[in-house]
Amino acid sequence: MEAEPLLPPEQLRRYADAIVKASLGIKKGDTLVVLGELAHRELMLAVSEAGFRAGAITVDLDYSDPLHYRSRLEHGSTEARGNVSPWRERQYRELVKPTSARAAIHGTAEPGYLDGIPPKRIADAQARVAAQLKWFQKANLDMTARWTIAGWPTDYWAGKVYPELSPLEGKRRLAQDFLWFCRLSDKDGDGSKAWLDHVTAIARRSAKLTKVALAGVELRGPGTELDVKLTAGTRWLGGREWNTHGAKIAPNMPTEETFTSPHADGTNGTFACTFPLSFQGRLIEGIAGEFRNGKLVRLDAATKEDREFLSAYIDSDPTGNGRRLGEVALVDATSRIGQTGRMYYDTLMDENAAAHIAFGAGFGGTRQNGKRGLNISTIHLDVMIGGPDFEVTGITAKGKRLPLITGGLWQI
């Protein structure tokens, strides 16, 4: 039996076209891979249709199942848990080519799918896979590969955000939220123009911030007092950017952030997360910690189990660089997501509601010359630290202090 549609046909088509054309720049002769789960089928099919309309010569649907991943970790041998099949590696090799792109459809459908699996087993499996695919992670972080991620409602997700509504109405409400956040609602006009105007404006702000040539930033908010060092030649990114093959891409739908990668050894102070972290089917609350000379020396969470789960993932990088920062991302109060006043229990949404930092790998594109001070890691994990009271001050090389976000709003 066909599931009831969550969006009217014209709105679904607008969303899919924005993913394919505006955010990925698919054109005649390209290859598009659409990744997701069965719960995302409605949007995945719409994106595949949009890919063919845009001229793609190949569009593949790649379905995964988190319970299949659980069975691998629960019953597989050590070798099986960390194995990357030859055909999967070949697919990844194809995906970094100039004419290839992928659209990842996101939305938690199986909460707690790793409950009961020892955190160290999960971390070991992830470390083994990461070691084999570090070239692919680098291609994504350095914007060589062409990719974007977009949300789609699930029963679980809608139930968390809109518990007062029926599952169907909750999902429909959530789908309308996504359109609003991506400037694709009926009020935003036809097509993807408002979305493209938005990501272009973010890119312009990032370029202006790059020209200021800051030596550091101070991040201040409830429980957060971080001083972050920046490397000479640091670039700020965000919105719509050119990748290394000359394609314009917008990697996140929605997006509100202007971000960079700090010096790996240059973060000091404390932080406290203002949103819970939805990670691998688990909701982790009360995350806080402390950095000294760039390294995370203390990590807290609301429960011992959650702290151990999170620590195991961060420490799955054998170099220890998972305990250093790879990203600082700034978001102000004009974010449509933040303006809802809702918690979306999802990193894709919540990281664009408030400022955030990320443990692990930095972005190669944030350096104008080489990769000096860039954190090299096999992981990348965002946690949200911003909110209405969050203040950001830039520090120039001569020690001048420049307000970047004050009173909840950008000053640049």
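The values are calculated or read from the model by the stated rules, or taken from the named source; none is laboratory data. Note that this is a predicted model, so its numbers are computed, not measured. Glycine gets a Cβ as well: all are built from the backbone with ideal geometry, and neighbour counts include every protein chain shown. Surface areas here come from the heavy atoms of the whole protein model, side chains and all, with no ligands, DNA or RNA. Shrake-Rupley method; radii C 1.70, N 1.55, O 1.52, S 1.80 Å.
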Practice task
Within the range 91-111, identify whether any single residue is aromatic (F, W, Y) and either open to solvent by 60 Å² or more (accessible area, probe 1.4 Å) or over 20 Å from the mean Cα position of the chain (by Cα) (or both), and answer yes or no.
Solution key: no
Practice task
Considering only the range 213-229, state which residues are open to solvent by 10 Å² or more (accessible area, probe 1.4 Å) and either polar (S, T, N, Q) or in contact with a Pro (Cβ under 7 Å, 6 or more places away or on another chain) (or both).
Solution key: K229
Problem - Lone qualifier among L296, L237, L209 - being open to solvent by less than 20 Å² (accessible area, probe 1.4 Å), over 18 Å from the mean Cα position of the chain (by Cα) and closer than 30 Å to P98 by Cβ - result: L209
Problem - Pick from the range 373-411, criterion surrounded by 13 or more Cβ atoms within 10 Å (Cβ to Cβ) and of a type in the set (D, E, K, R), ranking: farthest from S206 (Cα to Cα) - result: D382
Problem - Test result for N321, over 30 Å from V161 (Cα atoms), surrounded by 22 or more Cβ atoms within 10 Å (Cβ to Cβ) and in contact (Cβ under 8 Å) with a residue 40 or more places away in the chain - result: yes
Exercise for the section: Would you check if N369 is touching a residue at least 60 places away in the same chain (Cβ under 8 Å), among the polar types (S, T, N, Q) and closer than 25 Å to A301 by Cβ? Expected result: no
Exercise for the section: Check the range 172-179 and report whether any residue there is over 24 Å from G387 (Cβ atoms), open to solvent by less than 40 Å² (accessible area, probe 1.4 Å) and touching a Cys at 6+ places or on another chain (Cβ under 8 Å). Expected result: no
Problem - the range 336-362 residues that are without any contact (Cβ under 8 Å) to a residue 40 or more places away in the chain, paired with ones that are open to solvent by 40 Å² or more (accessible area, probe 1.4 Å) and not β-branched (V, I, T) (beta carbon under 7 Å, 6 or more apart) - result: A358/H380
